[in-house]
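One structure below.
None of the figures in this text is laboratory data; all of them are computed from the coordinates on show. None of the values given here were measured: they were computed from a predicted structure. Counting neighbours? That spans all protein chains shown, and the Cβs are built from the backbone with ideal geometry, glycine included.
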Amino acid sequence: MEAVLNGLSATQQRFEIGDPSQVSYARRGISELAHSIGCSETVIGRLAIIVTECATNQLKHAQRGELLVRPISESPSRYGIELLAIDSGPGIRDLHACFVDGYTTAGSSGNGMGAIQRLADELDIWSAPGLGTVLRLVVWAEPGPAVAELRGPIEYGAINLPLEGETLCGDAWTCSYTEGEFTVMVADGLGHGGLAHSAAVAATATFARLGPSSVEEIVVASHEALRPTRGAALGVARIPTQAAAHGAPSVARFCGVGNIAASVWTPYGHRHLVSHAGIVGHQLRKAQEFQVNWPQDGLLIVHSDGLATRWDLSRYPGLTLRHPTLVAATLYRDFARGRDDVTVFVARALHAESP
């Protein structure tokens, strides 16, 4: 599973790109973040070029956009920076051609996307005409191939951002593997700011102590742990990491209290999972597990009420095939309410045929 470097590294830093001065501000801020986690000057230099190219592309093609950044880690010795470049511009008609040096639609030299691809250790992109562009890349502090067993059988990603103007996010998320299953918790502390943050972090700390407890047991234990706090909305979802034996159906499990939404999406439809009303830590009338079938091509999406609920992945052709972080980032871009903290968590099972 992915390990965070400290208690706040699951939360992204956001850099708005609306004029050239903001490009240099983002480059400086992201370089400082990379330096703070121990990246070398060479790695920081690569990252600075990537940031410049991503931000400049946003100004050229979309007039504005944003960069989200956070430190990530696969092991104590393998850590780096994840960068998301998000815009609502005209989109890219030919994704393959845009990475070929010399290809341009803006009268430039056409080398920017090719340079980004060469300098990044990992890169994934989604774009469609009229639907903007979302790009995810990772630059690792040390070179070397990914260690598959450290990544595990689930691929996942998240957006976790505080309300604009706040330094602490009142939402938190965490996840783990236990006995052939993958479990994620999303907590939304009441309100926003420091007290909401404390409640959400108390929930994730409880999750870390519970090991292979059921999703209902995790919610009930969190209720007791959050009594001294202002309380939180809470959702705990669990999906299998492998197909069920002897043809038995695989299931996704969910227990939620308050405004945490969860759903399972496939190319053929989707199913929503139910949360009960209440406040974990203060008003818990019922903790109940709900189940839906978990297909091999399922996509689990869990989010706080900082994201509106009326969205439909079918309007984004090919998005569900990309890295889950791109799904989370696109939903955040188009459906964030803008008046609260927001968390969007997306996961899928990796299979032998997956790239």
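Numerical summary
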quantity: Computed [θ] at 222 nm, helices only, for the chain once each DSSP H run of length n ≥ 4 contributes -39500 (n - 2.57); calculated: -8000 deg cm²/dmol
quantity: 3J(HN,Hα) from dihedral phi, the stretch 40-45, Karplus parametrisation 6.51/-1.76/1.60, rounded to Hz, x for glycine, proline; calculated: 6, 4, 5, 5, 4, x
quantity: Alpha-carbon centroid distance for the pair the stretch 246-307 / the stretch 160-223, whole angstrom; calculated: 15
quantity: Debye, to nearest 20: dipole size of the stretch 152-349, +1 on Lys, Arg Cβ, -1 on Asp, Glu Cβ; calculated: 260
quantity: Surface/4 estimate of mean projected area, convex hull on alpha-carbon atoms of the chain, nm²; calculated: 17.2
quantity: Placed amide H near residue 168: partners under 5 Å, 5+ positions off or other chain; calculated: none
quantity: About the Cα centre, charge dipole magnitude for the chain (Lys/Arg +1, Asp/Glu -1 at Cβ), debye; calculated: 540
quantity: Highest-first arrangement of 186-195, 215-224, where packing means the average Cβ count within 10 Å; calculated: 186-195, 215-224
quantity: Rounded to whole Hz, the Karplus (6.51, -1.76, 1.60) HN-Hα couplings of the stretch 15-20, x for glycine and proline; calculated: 10, 7, 10, x, 7, x
quantity: Positive-end residue of 86, 139, 33, charge dipole of the stretch 13-148 with Cβ unit charges; calculated: 86
quantity: Cα-based shape type of the stretch 207-328, given that a ≥ b ≥ c are square roots of the gyration tensor eigenvalues and the cut on a/c is 1.5; calculated: oblate
quantity: Unit charges on C-beta of K, R, D, E only; dipole of the stretch 235-355, Debye; calculated: 180
quantity: For residue 128, distant residues with modelled amide H under 5 Å away; calculated: 92
quantity: Most positive-pole-ward Cα, 314, 96, 326, against dipole of the chain from beta carbon charges; calculated: 314
quantity: Approximate spin-label separation residue 42-residue 271, in nm, with each point projected 7 Å along Cα-to-Cβ; calculated: 5.0
quantity: Whole-Hz ³J(HN,Hα) from phi, Karplus 6.51 cos²θ - 1.76 cosθ + 1.60, for the stretch 216-229, glycine and proline x; calculated: 5, 4, 5, 5, 5, 5, 5, 4, 5, 5, 8, 4, x, 9
quantity: Neighbourhood net charge (11 Å Cβ-Cβ; Lys/Arg +1, Asp/Glu -1) for residue 322; calculated: 0
